[in-house]
Amino acid sequence: MNALKTFFLTLGTTLKDFFAHPWAHIKKLKDKPGFNSILASLFSILVGIVVATLLMLIINPTKTFRQDTGILEMLSCGFSSDGYFVQVIYMAAPLLMTGLAVGFAFKTGLFNIGGAGQVVAGGFLALVGAIVFRLPWYVDLMLAAVGGALWGAIPGLFKAFLNVNEVITGIMFNWLGLYLVNLILSNTPVMLANYYGPTTGDRTVGLDIIETLYHSSPILPQWGLNALFPNLNSFELLFLSNSMIIAILIAIVVAIILNKTTFGYELKACGFNKDASDYAGINSKRNIILSMAISGALAGIGGGLFYLSGNDQLVILKTLPSIGFNGIPVALLGFSNPIGIIFSAFFIGYISIGGNNMQPSFATEFVDIVVAVIIYLSAFSLLFKQIIDKYLLTRKKKKAEKPILPAEPKSQPEEALKEGEGQ
């Protein structure tokens, strides 16, 4: 109780001091290492929202600024009710994992564009464990990590031993993963929905049916989160699980590995300079493979979180899941920092849910365009950061080069007057 009291007293004092001298504190913040990154991300979001608003004004000007249909709905919907907020969390958790996958690879000097295929591979193995072997959810999640790691390690092997660019192999293995999963899934009747009743056979069976029939527990638990959202109806409860908690814990672990361990240092060293790492005795080939495998495992867990929620089924389609590619702007918006990626994933999930609620005033395709504009303009955050860094550096140089004028000497009468006053 005393610790809690001390915390609130300290917080109150800090806030009081900040609002008493806000500009002085802001000027101090600009010297912090991450300030420019945060400012660049916020500017990217602002530009994306402005462009999206202009598009909406062109298409349907009368409803652009209406609270229930336009840009205001997109920006406020996620916090308008418990049900929408839970959907935001549900959407953000797999985005956080795919963003971590891309960000981890970036930190180690690699570009993992194969996240979509790794999501499919991880989600498929998780569903195999849940449906065929009826394993509990945490084992299924481990299988998802294994599936993603295997599908990520193969481009890493090509990069390490044959010097094949990981972007090329990553794109190829996206489609290889999709069609391989489609082939296996269509030839495994026990995994399809029509095996358990008269329904369509183009998707996996719902995990709620498996849970009821075999008394297994493949669906992610809620861990008491339903007590925090007592106003949810039966449909909204389907979106509530521990997925975001797991994703945030993994992000913290990734941050510790990258910044506080020798292993993380070696991985980043290989990314900065492969030849120098070899000269220093670091096995660069092994680290390239491990980097891609870990990155793939993170994306695979994202697929596992998505499908083990029990709300979505793996469908036999000819298109790759968007969460795999949306991990790229999530990572760029968070500057590949695991903690920053938590916030950027939440933002992308937030505007996605808000965009869906702009219908029927704006067609589904237009909503996708608006959301895509905001998402992909966020990828310019790195460019904005460079501009901000250059601007602040120029100001600092000008300030340093500014001549310091000597103090003017005091006149004789003034000095004599002060001596007389002293006497």
Task: Residues (more than 24 Å from Asp82 (Cβ to Cβ) and either in a helix (DSSP H, G or I) or without any contact (Cβ under 8 Å) to a residue 12 or more places away in the chain (or both)) located in the range 209-250 - done: Ile209, Ile210, Glu211, Thr212, Leu213, Tyr214, His215, Ile250
Open item on the list: Among (1) surrounded by 13 or more Cβ atoms within 10 Å (Cβ to Cβ); (2) out of contact with any Ser or Thr (no Cβ under 8 Å at 6 or more places or on another chain); (3) at pLDDT 75 or above, there is one condition Thr394 misses while meeting the rest; what is its number?
Closed with: (1)
TODO: Kindly indicate the residue of the range 39-52 that is more than 9 Å from Phe384 (Cα to Cα) and touching a residue at least 24 places away in the same chain (Cβ under 8 Å) and also surrounded by the fewest Cβ atoms within 10 Å (Cβ to Cβ) among those meeting that condition.
DONE: Val51
Task: Of residues in the range 111-125 being under 16 Å from Leu100 (Cβ atoms) and of a type in the set (Val, Ile, Thr), the one surrounded by the most Cβ atoms within 10 Å (Cβ to Cβ) - done: Val119
Open item on the list: Let me confirm something: among Asn337, Asn259, which residue is over 23 Å from Pro155 (Cβ atoms), under 22 Å from the mean Cα position of the chain (by Cα) and free of Cβ contacts under 8 Å to residues at least 12 places away in the same chain?
Closed with: Asn259
Open item on the list: I'm told Gly197 meets every condition in (1) of a type in the set (Gly, Ala, Ser); (2) outside any helix (DSSP H, G or I); (3) at pLDDT 95 or above except one. Can you identify the failing condition by its number?
Closed with: (3)
TODO: Identify all residues within the range 180-208 that are among the small types (Gly, Ala, Ser) and without any contact (Cβ under 8 Å) to a residue 24 or more places away in the chain; write none if there are none.
DONE: Gly197, Gly201
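Yes/no per residue for (1) farther than 26 Å from Tyr179 by Cα; (2) assigned to a helix (DSSP H, G or I):
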{"position": "Val88", "(1), (2)": "yes, yes"}
{"position": "Ala101", "(1), (2)": "no, yes"}
{"position": "Asn112", "(1), (2)": "no, no"}
{"position": "Phe124", "(1), (2)": "no, yes"}
{"position": "Ala145", "(1), (2)": "no, yes"}
{"position": "Gly152", "(1), (2)": "no, yes"}
{"position": "Lys159", "(1), (2)": "no, yes"}
{"position": "Val164", "(1), (2)": "no, no"}
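Results for (1) over 25 Å from Leu75 (Cβ atoms); (2) surrounded by 24 or more Cβ atoms within 10 Å (Cβ to Cβ), shown as yes or no for each residue.
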position: Tyr307; (1), (2): yes, yes
position: Leu317; (1), (2): yes, no
position: Asn337; (1), (2): no, no
position: Ala345; (1), (2): no, yes
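Can you go through Leu267, Leu298 and tell me which one is modelled with pLDDT of 90 or more, surrounded by 18 or more Cβ atoms within 10 Å (Cβ to Cβ) and either touching a Phe, Trp or Tyr at 6+ places or on another chain (Cβ under 7 Å) or within 30 Å of Ala193 (Cα to Cα) (or both)?
None of the others qualify; the one that does is Leu298.
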- [ ] Just one of (1) surrounded by 18 or more Cβ atoms within 10 Å (Cβ to Cβ); (2) modelled with pLDDT of 95 or more; (3) in a helix (DSSP H, G or I) trips up Val253, so point out which.
- [x] (1)
- [ ] Starting from the range 301-318, keep only residues that are without any contact (Cβ under 8 Å) to a residue 12 or more places away in the chain, then list their pairs with residues that are β-branched (Val, Ile, Thr) and assigned to a helix (DSSP H, G or I) whose Cβ atoms are within a distance under 9 Å, requiring at least 6 positions of separation or different chains.
- [x] none
Task: Residue count for the range 349-368, restricted to those that are modelled with pLDDT of 75 or more and in a helix (DSSP H, G or I) - done: 8
- [ ] Report yes if Gly117 is within 20 Å of Leu320 (Cβ to Cβ), in contact (Cβ under 8 Å) with a residue 12 or more places away in the chain and in contact with a Ser or Thr (Cβ under 8 Å, 6 or more places away or on another chain), otherwise no.
- [x] no
- [ ] For residues that are over 18 Å from the mean Cα position of the chain (by Cα) and under 28 Å from Gly224 (Cα atoms), scanning just the range 68-88, find the one that is surrounded by the most Cβ atoms within 10 Å (Cβ to Cβ).
- [x] Cys77
- [ ] Of the numbered conditions (1) assigned to a helix (DSSP H, G or I); (2) closer than 30 Å to Phe235 by Cα; (3) touching an Asp or Glu at 6+ places or on another chain (Cβ under 9 Å), Cys270 fails exactly one; give the number of that condition.
- [x] (2)
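The values are calculated or read from the model by the stated rules, or taken from the named source; none is laboratory data. Values in this document were obtained by computation on a predicted structure and should not be read as measured data. Reconstructed Cβ throughout: ideal geometry from the backbone, glycine too, with neighbour counts over all protein chains shown.
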